[in-house]
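For reference, the structure is listed below as structure tokens.
The values are calculated or read from the model by the stated rules, or taken from the named source; none is laboratory data. These figures come from a predicted structure and were not determined experimentally. Because the Cβ atoms are built from the backbone with ideal geometry, glycine has one as well, and the counts that use them run over all protein chains shown.
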Amino acid sequence: MKRHDFMKICAAGVCGCGAMALLAPLSAGSESGEGQTQTVPAESEVLKRQLDFARERFANLISAMGEHADKATRDKILQSVGHECAQQSNPLFQKYRGDFQGFLAAIKTRWVDRTEYDETTGILRVIGKIPRCVCPLVKVGRTPGDFCSCTVGWNQFAFSTVLGKPVTVELEESILRGGSRCIHRIIGVKG
């Protein structure tokens, strides 16, 4: 691994005492003490170990936020992270801007099992398809349920963009908080 690449990883927050153990296998063709070349694990195995390390570090970060920041501050930060994450899907949201029904049909083919829209109240329930957290940073059993505020922010950005107006999102159920799937209520759809 080149020093520049190592510094990028450190800047991303992956440095730590365990990082050195993960990065050592990346030095392909390094010599052992006896002059023999060490076997380098397959790239996929190295990536799996790195992802597991990142997930563990991320769980620690969310736990530390829970210990050192009040709930309102944590929610605000994590919802902001969700907004930023949703930016990656903004072309999809823009495609369906003003086409609410088209957007609902599209998300049902991707990550939503079903939606339940009450036209009288303007409340939409979005029931997740996958019975696991879809965020690749989540380590089930380690990542605290506080992290679910991130998906609240993600959904708020998504539905506000498609509808062209602000909406409120509430988390009804989530995998990380002991639920069987993730369910969000989108309030303010009507009108």
Here is a list of conditions, (1) among the aliphatic types (A, V, I, L, M); (2) surrounded by fewer than 20 Cβ atoms within 10 Å (Cβ to Cβ); (3) over 26 Å from GLU67 (Cα atoms), and LEU171 meets all of them except one; can you say which number that is? (3)
Somewhere in region 178-187, is a residue of a type outside the set (Ser, Thr, Tyr), under 30 Å from GLU67 (Cα atoms) and more than 18 Å from the chain's Cα centre (by Cα)? yes
Taking region 102-140 only, how many residues are over 24 Å from the mean Cα position of the chain (by Cα) and more than 14 Å from ILE186 (Cα to Cα)? 1
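Hey, among the residues in region 89-116 that are of a type in the set (D, E, K, R) and assigned to a helix (DSSP H, G or I), which one's surrounded by the most Cβ atoms within 10 Å (Cβ to Cβ)? So that I can check it myself, show each step before the final result.
Of the residues in region 89-116, the ones of a type in the set (D, E, K, R) are 95, 97, 99, 108, 110, 113-114, 116.
Those still in the list that are assigned to a helix (DSSP H, G or I) too: 95, 108.
On the way: LYS95: 12, LYS108: 15.
Result: LYS108.
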Top-ranked residue of region 48-83 - restricted to ones that are among the acidic types (Asp, Glu) and touching a residue at least 12 places away in the same chain (Cβ under 8 Å), ranked as surrounded by the most Cβ atoms within 10 Å (Cβ to Cβ): ASP75
Candidate set: region 103-148, residues that are in contact with a Phe, Trp or Tyr (Cβ under 8 Å, 6 or more places away or on another chain) and of a type in the set (Val, Ile, Thr); chosen: the one modelled with the lowest pLDDT: ILE130
Looking at (1) exposed (fewer than 13 other Cβ atoms within 10 Å of the Cβ); (2) farther than 27 Å from LEU61 by Cβ, can you tell me which one PRO136 breaks? (2)
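So, VAL169, is that one at pLDDT below 95 and within 16 Å of VAL81 (Cβ to Cβ) or not? Before the answer, list the steps.
Values: at pLDDT below 95: no; within 16 Å of VAL81 (Cβ to Cβ): yes.
For VAL169, the condition - at pLDDT below 95 and within 16 Å of VAL81 (Cβ to Cβ) - is not met.
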Name the residue that is surrounded by the most Cβ atoms within 10 Å (Cβ to Cβ), counting only residues in region 141-168 that are under 18 Å from GLU116 (Cα atoms) and out of contact with any helix residue (DSSP H, G or I) (no Cβ under 6 Å at 6 or more places or on another chain). PHE159
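So, in region 167-185, of the ones that are in contact with a Cys (Cβ under 9 Å, 6 or more places away or on another chain) and assigned to a strand (DSSP E or B), which residue ends up farthest from PRO144 (Cα to Cα)? Please lay out each step first, then the result.
Taking region 167-185 first, the residues in contact with a Cys (Cβ under 9 Å, 6 or more places away or on another chain) are 171-177, 182.
From what is left, the residues that are assigned to a strand (DSSP E or B) are 171-173.
Values: LEU171: 15, GLU172: 16, GLU173: 14 Å.
The selected residue is GLU172.
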Given (1) modelled with pLDDT under 95; (2) assigned to a helix (DSSP H, G or I); (3) of a type in the set (Gly, Ala, Ser), number of the condition ALA86 does not satisfy: (1)
